[in-house]
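The values are calculated or read from the model by the stated rules, or taken from the named source; none is laboratory data. Here the structure is a predicted model, which is why all the values come from computation and not from measurement. We place every Cβ from the backbone using ideal geometry, glycine too, and count neighbours over all the protein chains shown. Heads up: the accessible areas ignore ligands, DNA and RNA and are worked out on the full protein's heavy atoms, side chains in. Shrake-Rupley method; radii C 1.70, N 1.55, O 1.52, S 1.80 Å.
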Amino acid sequence: MSWDCGLRYMFSVSPALQQGSMCILHDKEDLSRLEMVQRLAKDGCRFLQNQSKGPERTSEPQSDEAVRVCVRERGHDVLVLQRVASQQPAPSASARGGGRAEDSSTDSVVSDRYVVVSGTPEKILEHLLNDLTLEEEQGTTQGRESDTLLDDFLLTYPVFMSTSDLCQALLGHYCSKRYRGKEDRKEALERKRKVLHLVSQWMSLCRDFLREDEHVKLFMKTLYRYVLDDLYEHPALEKDVRELQQLYQLHRRHTSDEYSPQRKSKALFHQLSLKENGLQSRGTQRESKEVLCHVYITMDSYLSVKAHAGVLAQELLQAAAERLDVPQGELVLVAVTYTGGRLLLQPHDRVFSDSLRPVGRLHVCRKDLGEVLNPFTDNSELQQRTARMLSLNTWDVAVALTNFDWTIFDSVHEQELVYFTFSRHSSSSGHTVALELLLQRFNEVQLWVMTEVLLCPMLCKRVQLIKKFIKIAAHCKAQRNLNCFFAIIMGLNAAAVSRLSQTWEKIPGKFKKLFSELETMTDPSLNHKAYRDSFKKMKAPKIPFLPLLLKDITFIHEGNKTFHDNLVNFEKLHMIADTVRLIRQCQRDHMGNGITQKSSSEVRAYIDYLHIIDNQQTLFELSHRLEPRA
C-alpha cells in the first residue's frame, strides 16, 4: 500500500465493515487507529476524501494524541510525525499536495504540516524531500519551516548515518524507479529538483568538511552525469546544473542542446572534470589549517605559538628565540616522544603529522642538550617581563586578543559542535580542529593571566597588573569577545591568584567595584542567567562563551536518548541543531560583516606568543612564595 505520510484526513469505520466495502475519511478524527487504515487497505477498502467543509479551526491547543501519526511497514514503526499548523498569507499559486493540507480564507491560509518526531534515516530523508519547498515558496512561512527542517537534518545527519549512506540514498531518490507510471513529467521534474536543492544546501553548508571525502567526490560526479542525462527531457534542470558547477567546481564542455537520448552515459562521464584549483590536494588542505604549538621552555612552562599545520622546526625556534631574547643559533628543538624517547628535530623537519598531532612534546634546549632554559630564576628578567606587559595599552591588548580569537571562531563550523559532542570520528577526521583550537586558547589565556600575576615579584607592580587585567576584561566585553572575557575573569579568580590578600587589598575601590560588576556576568546561578541575558542583548558579530555552549549541547545529548525503539529521535537532534545555530548567528551581522579591528603590531607580536606556566603545583608554589601562608 502506498500511504502519504502527510494525509490529514482521519477515518471512522464500522466494526461490521466487510472486505471490498468503502469507508469515508472525516476531518479531525482520532489518528491512533492508523494501523487499521493500512490493514483495511490491504483488505481492499477504498479511502475517499470528505469534500464537506470541516468545522472552523479554534486556537485551543490539541493534545499530542490528536496530532501525531505513526507510520508502520511490515509490522514495525518507521516514522512518527507531528502535525503543526501555521498561519500565512494566501498563496498565489495552487497549494501543494504531499505533506500539507490547507484551508482557504479571504486573507490567509492555515497550513497543516507534518514535522518529524522520530524515524529511520531513510524515512526521515524521504519525508524531508517530500516536505521541501522550491524557489517559489522560499519566502513563505512553510518555506522557512521547511528550510529549518532541512538545516536540522544536514547539521545532525552524521549522528545517525554516514556520508556514504546519505550519498547513496540521494542518488536513489533522484533516479528512483518506484515512481515510474505513478507520476507525470512535471512531478518527476519536481522530485529531481528537490534532490538537487537538498544537495545544493548540503554542499553550501558542509563543503569544507566534505571537500576531501572520496564518497562525496564520486557522488557529485555521478549525480552530475545523471542530471546531464536528464537535460534533454527536462531542460529546466539547466539552472540546477550551473549551481552544481559553482558549488563543487564542476564544469562541462557542452550544453543541453547537444545531448539526446542516444548519447551514451559513459561518454558523458568522461567529459566531466574537476577544476584543479577547486579540489585542493590533501597536503595543501592540511597546511592551510592553523594550530597552536606548545613549545616548552621549562618542564612546566611553554610558549604558545600560532602556526600553520606545515610549520617547520626552524620557524618555531625563531619564534622562541625572539620571545626569549636568546640567539637562535644557541637553541635546538627537541621532541620528547610519547614513549619517553628524545628526538632532535632538524631545521627543515615538519613538526606535525598528517593527523595534526605533534611528533612529541616540544622542548627548546641549549645546543648541548644538557641545559634547559629557565627564564624564571633571574629577578631582573622577571621585572623586565612585567614592565613590558605594563607598557602595553589595555585597549590594544583587548583588540589583539579579540582579533586572535576571531580568526579561529570565524572558521568554527556548527557541525564541529555536533562531532565534538557525539565523539564521532573526531580524533581521526579533523572535524573539530577549529573548535578545539578555540577551547585551547581559552585555557591558555586563563593560564597566561595567572602566570603574569604570579611571576611579578613586586607588590606594587602586581597591583598594577591586576588593574590592567580588569580593564582588559572590560574592553573584551565591550568588543563582544565573551570567550576571552570569561578566561581573564576566571584567571583572576583562580585560587592561586585570589589568595593573594595583600595584593587585592591594595586594589583601588573603583577597580574592585568594576571587577565585582564583571564577576556578576560570570555568575553560574540560575543556569548562567546573567550571562545569557546580557549576551542576548549584544548585537552580532560576537564571540560566545564556548564552554557553556558545549555544556548546553551535552545536557541535551545526555538528557535525551538518540534512538527510541531503533528510531532516530529527531526531536533531540532538532534541539541540538537549534543550539549549534548560535555559532552562525554570532559570526555575522545583518550585513554579513564579521569583527574587523586594527591592532598594534607590537601588541600583536606579544599576544600571538604567550609565555605560560601550565603546572598548577608550580603556580601555587609561586603564589605562596609571593605571600606565604600566615
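Scan the stretch 157-201 for residues that are within 21 Å of the chain's Cα centre (by Cα), outside any helix (DSSP H, G or I) and surrounded by fewer than 17 Cβ atoms within 10 Å (Cβ to Cβ) and the total you get is 1.
Output the qualifying pairs, or none if there are none: Cβ atoms under 8 angstrom, residues six or more apart or on different chains, first residue in the stretch 452-463 and touching a residue at least 12 places away in the same chain (Cβ under 8 Å), second residue assigned to a loop (DSSP other than H, G, I, E, B) and open to solvent by 20 Å² or more (accessible area, probe 1.4 Å). Correct list of pairs: L455/F376; L459/K506; C460/K506; V463/K506.
Only residues that are open to solvent by less than 60 Å² (accessible area, probe 1.4 Å) and part of a helix (DSSP H, G or I) were counted in the stretch 499-515, giving 6.
Filtered by the rule that a residue be part of a loop (DSSP other than H, G, I, E, B) and of a type in the set (D, E, K, R), the stretch 542-577 gives K542, K561, D565. The helices (runs of 4 or more DSSP H) falling completely within the stretch 202-298 that include 1 or more residues that are modelled with pLDDT of 85 or more and of a type in the set (K, R) map to 214-230, 238-248. Checked against (1) of a type in the set (D, E, K, R); (2) at pLDDT 85 or above; (3) more than 21 Å from E444 (Cβ to Cβ), D378 passes all but a single condition, namely (2). In the stretch 206-223, the residues that are free of Cβ contacts under 8 Å to residues at least 40 places away in the same chain reach residues that are part of a helix (DSSP H, G or I) with C-beta atoms within less than 7 angstrom, at least six apart or across chains, in these pairs: M220/Y248.
Every listed requirement among (1) assigned to a helix (DSSP H, G or I); (2) under 30 Å from G509 (Cβ atoms); (3) touching a residue at least 60 places away in the same chain (Cβ under 8 Å); (4) more than 22 Å from the chain's Cα centre (by Cα) is met by E444 save one, (2).
Against the criterion of being of a type in the set (G, A, S) and under 33 Å from the mean Cα position of the chain (by Cα), A496 does not qualify. Cβ-Cβ contacts under 8 Å between residues 6 or more apart (or on different chains), taken from a first residue in the stretch 395-416 that is more than 17 Å from A473 (Cβ to Cβ) to a second residue that is among the basic types (K, R) and crowded, with 23+ Cβ neighbours inside 10 Å, are listed as I408/R441.
Count of the stretch 297-312 residues, restricted to those that are within 15 Å of L447 (Cβ to Cβ), small (G, A, S) and either within 27 Å of the chain's Cα centre (by Cα) or open to solvent by 10 Å² or more (accessible area, probe 1.4 Å) (or both), is 1.
Across the stretch 569-609, the qualifying residues are those that are at pLDDT 90 or above and in contact with a strand residue (DSSP E or B) (Cβ under 6 Å, 6 or more places away or on another chain), and the one among them that is most open to solvent (accessible area, probe 1.4 Å) is E571.
Only one of the numbered conditions (1) under 32 Å from the mean Cα position of the chain (by Cα); (2) touching a residue at least 40 places away in the same chain (Cβ under 8 Å) is violated by E627, and that is (1). Can you work out which of the residues in the stretch 325-341 that are in contact with a strand residue (DSSP E or B) (Cβ under 7 Å, 6 or more places away or on another chain) and open to solvent by less than 70 Å² (accessible area, probe 1.4 Å) is farthest from Y302 (Cα to Cα)? In this case the residue turns out to be T337.
Scanning the stretch 404-425 for residues that are of a type in the set (S, T, Y) and under 20 Å from F563 (Cβ atoms) returns Y419, T421, S423.
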